[in-house]
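What follows is a short report on a single structure.
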Amino acid sequence: MASGLGLAAVVLASVLVHDDVILRGDPFGPATDLSGGNAGELAQAVYRSRARAVVAVNAADGQGSGTVIRPDGWIVTCAHVTGGAASVQVVFHDGRTRDGQVVVADPVIDLALLKVEADEPLPWIALADLGALEVGDP
């Protein structure tokens with residue numbers, strides 16, 4: 001599982017550091033072409049279209065943020081946020097809270113995968129279509 005998390009981290013990092021990113025519309029509507037914008041415009045566009053998928057993560061020994069990566073309740077956060085806990089509290093953009101389970105945490109790459117039960121599809125950020133990625137893709 002750690003290698004999958006590592007790949008997700010690489011994909012997410014590559015998306016966030018390139019100014020020529022085109023944000024794919026699914027599940028947020030039409031794609032937003034940001035290739036001509038500056039870094040500030042990029043950050044604002046990402047925030048406007050994706051803020052509802054960002055959550056607060058509260059653990060016994062730490063707190064931080066996470067990102068919902070699937071509508072059925074899978075969340076990526078940093079391993080140092082979970083601090084070795086088996087469960088955490090997740091606070092959603094609208095103020096709702098849910099108990100979450102730490103499925104895996106890798107302190108070497110500082111990533112953790114959480115799972116919350118969702119009564120309805122959650123707002124989420126699609127990291128990438130892993131089947132369509134090729135070596136050298138940004």
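Being free of Cβ contacts under 8 Å to residues at least 40 places away in the same chain and within 17 Å of ARG50 (Cα to Cα) is a property that holds for THR77. The residue that is most open to solvent (accessible area, probe 1.4 Å), counting only those in region 91-109 that are under 24 Å from GLU120 (Cα atoms) and touching a Ser or Thr at 6+ places or on another chain (Cβ under 7 Å), is ASP99. Scoring GLY66 on the criteria (1) closer than 26 Å to PRO107 by Cβ; (2) out of contact with any Leu (no Cβ under 9 Å at 6 or more places or on another chain); (3) not in a loop (DSSP other than H, G, I, E, B) leaves a single failure, condition (2). Pairing each residue of region 41-58 that is modelled with pLDDT of 75 or more with any residue that is open to solvent by 10 Å² or more (accessible area, probe 1.4 Å) and part of a helix (DSSP H, G or I), provided the two are 6+ apart or on different chains, yields C-beta distances under 9 Å for VAL54/TYR47.
The residue list ASP26, ASP72 contains one member that is part of a loop (DSSP other than H, G, I, E, B), under 25 Å from ALA132 (Cβ atoms) and modelled with pLDDT of 70 or more, which is ASP72.
The values are calculated or read from the model by the stated rules, or taken from the named source; none is laboratory data. Since the model is a prediction, treat every value here as computed from it, not as a measurement. Here Cβ is always computed from backbone atoms with ideal geometry, including for glycine, and neighbour counts include all displayed protein chains. Ligands, DNA and RNA are excluded from the accessible area calculation, which covers all protein heavy atoms including side chains. Shrake-Rupley method; radii C 1.70, N 1.55, O 1.52, S 1.80 Å.
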